[in-house]
Amino acid sequence: MTTTRNDARTTVEVDQVVRRFGDRTVIDGLDLTISGSEFVVLLGPSGCGKSTLLRLLAGLDRPDGGTVEVPTQRAIVFQGDRLLPWQKVWRNVTIGLDRAGAKERALDVLAEVGLADRANAWPKTLSGGEAQRVALARALVTEPDLVLLDEPFSALDAITRLHMHDLVQRLHQRHGAAMLLVTHDVAEAIALADRILVMNDGRIASSYDVGLSAEDRRSSQAREDLRGDLLADLGLAGRH
């Protein structure tokens, strides 16, 4: 069962959730709590249930057992930008926003992601990084309490990806929404997370609080120790 709550400061609560597809159990008695404006990153091998969990939190799927409690106001950013090619950028941002002043609100969030000058552009004229920034703006335009990010940077080149990390950090600090990011990238997890969860066989196998400064996240022995622990949990010990 999935329920929503209106209190912006409530936590995400997942209790003993099960999700099956035919004879296959993808999520098996999973527990998860996300508090306040926490930034949580979820790592795990392909097929472990990461994206299924995000879909449950987004309300795009229903559990077969257990309970999911999430804020009423939430948004999701997918791996692909999913922009409508027949709508200009600002109109893509306002999809799902039904209120007076929607265009002005769209222009505000486009300015936040550095695309104020692209508001009237067509999606086909955007670079990959620009398109994902529009997707972020669309997620933020409703002022959600929870933002779900399903590998949104995986198709971007390395430099653009680093710029997107900086942008997401700034937006997280400014808006204060709880964020849950699914990724396969250990370096990305360390760069962004307050807490890193490793998922395996449909459950949370391990959890790490990332108490590192911005400088230590880039280069420190503590960073390397955390990286080594995460790689070991992922069955990749000894990789560099």
Task: Alpha-carbon Rg/Rh ratio, for region 61-172, with Rh computed the Kirkwood way - done: 0.99
Open item on the list: How would region 49-93 be classified by its alpha-carbon gyration tensor: rounded, prolate or oblate, with rounded meaning a/c under 1.5 and the a/b versus b/c comparison settling the rest?
Closed with: prolate
- [ ] Count the DSSP beta bridges whose two residues both fall in the chain, then state the antiparallel fraction as a percent rounded to the nearest 5.
- [x] 45
Task: Cα→Cβ-extended label distance, 7 Å offset, between Lys124 and Arg174, nm - done: 3.1
Task: Using alpha-carbon coordinates, inclination of helix 221-233 to the longest axis of the chain, degrees - done: 70
TODO: Please work out the FRET efficiency for the pair Arg62 and Asp23, using the Cβ-Cβ distance as r and a Förster radius of 22 Å; give the result to the nearest 0.05.
DONE: 0.75
- [ ] Quick one: order Leu226, Leu53, Leu212, Leu148 by neighbouring beta-carbon count within 10 Å, fewest to most.
- [x] Leu212, Leu226, Leu148, Leu53
Open item on the list: Once you place label points 7 Å from the Cα toward the Cβ at Ala100 and Ala214, how far apart are they in nm?
Closed with: 3.9
- [ ] Calculate, axis by axis, the spread of Cα positions in region 1-132 along the three principal axes, and write the results as whole Å, longest axis first.
- [x] 47, 33, 23
Task: Listed residues Gly59, Leu107, Phe153: farthest to the positive end of the dipole of the chain (Cβ charges) - done: Leu107
TODO: Show which lysines lie in cross-link reach of Lys88 when reach means a straight Cα distance below 27 angstrom and same-chain residues fewer than eight apart are skipped.
DONE: Lys103, Lys124
- [ ] Taking the chain as the reference, fit the longest principal axis to its C-alpha atoms, fit the long axis of helix 102-112 to the helix C-alpha atoms, and give the angle between the two in degrees, 0 to 90, nearest 10.
- [x] 60
Task: Degrees, to the nearest 10: 158-175 long Cα axis against longest axis of the chain - done: 80
TODO: Order by neighbour count: Leu84, Leu110, fewest other Cβ atoms within 10 Å first, most last.
DONE: Leu84, Leu110
TODO: Just need the relative contact order of the chain here, percent rounded to a whole number, with Cα pairs under 8 Å and 6+ apart.
DONE: 26
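Just so you know, all these numbers are worked out from the coordinates, no wet-lab data involved. None of these values were measured; they are calculated from a predicted model. Cβ coordinates were reconstructed from backbone atoms using ideal geometry, including for glycine residues, and neighbour counts include every protein chain displayed.
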